[in-house]
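The values are calculated or read from the model by the stated rules, or taken from the named source; none is laboratory data. Every value quoted in this text rests on a predicted model; they were computed, and no experiment measured them. Here Cβ is always computed from backbone atoms with ideal geometry, including for glycine, and neighbour counts include all displayed protein chains.
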Amino acid sequence: MVNMSSQSQAVDLVKEELPLDQGSLVLSEDVRIGLVLVDIINGFCTVGAGNLAPTEPNRQISTMVEESVKLARVFCEKKWPILAFLDTHHPDKPEHPYPPHCLTGTDESNLVPSLQWLENESNVTIRRKDCIDGFLGSIKEDGSNVFIDWVKTNKIEVILVVGICTDICVFDFVASTLSARNLGLLAPLKDVVLYSKGCATFDFPVQVARTIKGGVAHPQELMHHVGLYMAKGRGANVVNEVSLGIIKEP
Ligand SMILES: [Zn+2]
């Protein structure tokens, strides 16, 4: 039986073996920056809102939402570009290995209450995606890509990424974006920055997974760390501080 203390020992061990140096990001008028919000929707963040929603209040998730709201406010005040991905699925098109979630037309697939105001902001692009990876989920029927067009239209040099889940939708999007940048598809984008407190993942501890046939353990602290670590390995900058200090009051 795994208890809480051996869980935190495991986290400490992993953090020792996979150390993650985190820097800070200073938001500046001199660099064109875009904010990407990954799936900060009820179905993943609001207690009891669906098959993949938290079943009880969760600190990592609520911190991620609070930090994302703060950043969204700054970006909207400055009229800097924001792209919000909203996981949204047609009921006839399941997304293995996950149970049905965030179906079209349900509140699960909508922004959390504290971010719903974004729908009325002129600097915000909302992309409903039926794919874990927001880069692939940005491909439209005509072959164009909403994310690539957003980067190019706004001449974005740096993207700041927040959302859920660190090791799933956030990581997949970051990994694809870095590959696309390396291929030259995303000019003028230079840097992908991940804000660790603005990211979260779900918690499915091993002792719970063991009680469910086919359950795959997903301990939150560990997987959050691994997601950030892997993103850094692909070339993302991971920061634990975003400084708003130099932002001039409008
Ligand atoms: Zn999904």
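One residue stands out among those in region 90-110 that are out of contact with any Phe, Trp or Tyr (no Cβ under 9 Å at 6 or more places or on another chain) and not in a loop (DSSP other than H, G, I, E, B): the one that is farthest from the ligand (Cβ to nearest atom), which is Asp107. Of the residues making up region 199-236, those that are among the small types (Gly, Ala, Ser) and either farther than 25 Å from Ala84 by Cα or assigned to a loop (DSSP other than H, G, I, E, B) (or both) are Ala209, Gly214, Gly215, Ala217, Gly235, Ala236.
Candidates Glu77, Glu66, Glu29: the one that is more than 21 Å from the chain's Cα centre (by Cα), at pLDDT 95 or above and closer than 25 Å to Phe147 by Cα is Glu77. Test of understanding: among Ala187, Ala200, which residue is surrounded by 15 or more Cβ atoms within 10 Å (Cβ to Cβ) and not aromatic (Phe, Trp, Tyr)? So the residue among Ala187, Ala200 that is surrounded by 15 or more Cβ atoms within 10 Å (Cβ to Cβ) and not aromatic (Phe, Trp, Tyr) is Ala200.
For residues that are polar (S, T, N, Q) and closer than 13 Å to Leu194 by Cβ, tally how many sit in region 18-38.
Residues meeting the conditions: 2.
Filtered by the rule that a residue be more than 24 Å from Ala236 (Cβ to Cβ) and among the polar types (S, T, N, Q), region 2-57 gives Asn3, Ser5, Ser6, Gln7, Ser8, Gln9, Asn42, Thr46, Asn51, Thr55.
Residue pairs whose Cβ atoms lie under 8 Å apart, sitting 6 or more positions apart in sequence or on different chains, and linking a residue in region 49-65 that is touching a residue at least 12 places away in the same chain (Cβ under 8 Å) to a partner that is acidic (Asp, Glu) and not in a helix (DSSP H, G or I), are Pro54/Asp203; Asn58/Asp203; Gln60/Asp203.
How many of the residues in region 127-148 are within 16 Å of the ligand (Cβ to nearest atom), of a type in the set (A, V, I, L, M, F, W, C) and not in a loop (DSSP other than H, G, I, E, B)?
2
The set of residues from region 39-54 being within 10 Å of the ligand (Cβ to nearest atom) and assigned to a loop (DSSP other than H, G, I, E, B) comprises Asp39, Leu52. Of all the numbered requirements in (1) more than 10 Å from the ligand (Cβ to nearest atom); (2) in contact with a strand residue (DSSP E or B) (Cβ under 8 Å, 6 or more places away or on another chain); (3) part of a loop (DSSP other than H, G, I, E, B), Leu115 misses one, and that requirement is (3). Any residue at all in region 87-99 that is modelled with pLDDT of 95 or more and either under 16 Å from the mean Cα position of the chain (by Cα) or β-branched (Val, Ile, Thr) (or both)? Checked against the condition, which is being modelled with pLDDT of 95 or more and either under 16 Å from the mean Cα position of the chain (by Cα) or β-branched (Val, Ile, Thr) (or both), region 87-99 yields at least one hit.
Being under 19 Å from Tyr195 (Cβ atoms) and more than 16 Å from the ligand (Cβ to nearest atom) is a description that applies to Val151.
Scanning region 1-15 for residues that are more than 30 Å from Leu35 (Cα to Cα) and either at pLDDT 95 or above or touching a helix residue (DSSP H, G or I) at 6+ places or on another chain (Cβ under 6 Å) (or both) yields one hit, Val2.
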